[in-house]
Amino acid sequence: MTHLDDMPYTNAFMTEMLRIRIPGPLGLAHRAMEATKLMGYDIPKDTQVITNFWAVHHDPKIWGDPEEFRPERFLDADGKFVKPTHLVAFSMGSRYCMGESIARMEFFIFVVVMLQRYHLLLARDDSPPINEECLRSGQFLVPPSHEMRVKERFSREKSIMEYNQQMWDD
Ligand code: HEM
């Protein structure tokens, strides 16, 4: 995981994935345990409260071009990773996700291992895998089935370690 600090683009790419297609767009439903006031609104006791995280991640006032997949929004002019201030994929406040660090770890390992070993390509030019269908999947966003091509980046004869060694030697 310490490698992530030296991989700002990967970090920005993963963060942009969590932003544009937040896994749990509406969080979980909660209940107001007592009557309260929030931003001028009266919330009676026992009201069901549902957080619209999707709206935060797609607010043009925050992001400018929220519908664009643009990892660069999380990089500064020197290419360093900028910690996002409006990313709520793991919720906020007292019900904040307890598993964030393990989720981020798994996410990082999955992304880098896949990209290190394979080229992931569209099956055809006309089959973009991100489309409206995944927005109709319910509580959690699930990508629709789609075809893709997976091409090995390295031949089986040579291991990644050998390639890395060769790169240093060159
Ligand atoms: C990308 C992966 C994950 C995302 C986006 C995510 C997101 C969230 C969100 C938004 C909440 C708050 C729901 C709410 O009450 O409004 C939450 C709560 C929680 N998450 Fe995650 N989660 C992820 C992975 C995990 C993993 C891997 C674990 C455990 C190993 C985990 C454990 C928990 C627990 C225990 C809570 C409840 C915390 C509480 O209510 O006090 N999560 N998660």
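Read the figures in this text as sums done on the coordinates, not as results from a lab. Keep in mind that this is a model prediction, so the values were computed, not measured. Cβ: placed from backbone, ideal geometry, glycine included. Neighbour counts: every protein chain shown.
Things worth noting here:
- With N as its number of residues, region 32-121 has a Cα radius of gyration that, divided by 2.2 N^0.38 Å, comes to 1.48.
- With the helix formula -39500 (n - 2.57) applied to DSSP H stretches of n ≥ 4, the chain reaches a computed 222 nm mean residue ellipticity of -8500 deg cm²/dmol.
- Region 1-58 - Kirkwood radius from inverse mean 1/r over Cα pairs (Å): 14.0 Å
- Within a straight-line Cα-Cα reach of under 22 Å, LYS37 can be paired with the following lysines, leaving aside sequence neighbours fewer than 8 residues apart in one chain: LYS45.
- Cα extents for the chain along the principal axes, largest to smallest and rounded to whole angstrom: 67, 35, 29.
- For the chain, the membrane-span-like helices by this rule, meaning whole DSSP H stretches whose C-alpha atoms cover at least 20 Å of axis and whose Kyte-Doolittle mean is -1.0 or above, are 100-117; this says nothing about an actual membrane.
- The distance between label points at ASP169 and LEU4 comes to 3.4 nm (points 7 Å beyond Cα on the Cα→Cβ vector).
- Between amide H atoms placed 1.01 Å from N, distances below 5 Å from TYR118 occur with ARG153, all of them 5 or more places distant or on a separate chain.
- For the chain, the dipole from Cβ point charges (+1 on Lys and Arg, -1 on Asp and Glu) about the Cα centre works out to 500 debye, to the nearest 20.
- Spin-label pair VAL150/ARG31, simplified geometry with 7 Å Cα→Cβ offset, distance in nm: 4.4 nm
- For region 8-79, trypsin sites (Lys or Arg not before Pro) are listed when DSSP marks them as loop and at most 13 other Cβ atoms sit within 10 Å of their Cβ; the list is LYS45.
- If R0 equals 35 Å, the separation of the Cβ atoms of TYR41 and LYS83 corresponds to a calculated FRET efficiency of about 0.75.
- Ordered by the number of other Cβ atoms lying within 10 Å of each residue's own Cβ, fewest first, THR36, THR15 fall into the sequence THR36, THR15.
- In sequence order, region 40-55 has phi-based couplings of x, 9, 8, 10, x, 3, 6, 5, 7, 10, 10, 8, 9, 5, 4, 4 Hz under the Karplus curve 6.51 cos²θ - 1.76 cosθ + 1.60, θ = phi - 60°, and Gly or Pro positions carry x.
- Residues considered: GLN48, GLN116, GLN139. Largest GNM mean-square fluctuation over the chain, using C-alpha springs under 10 Å, is found at GLN48.
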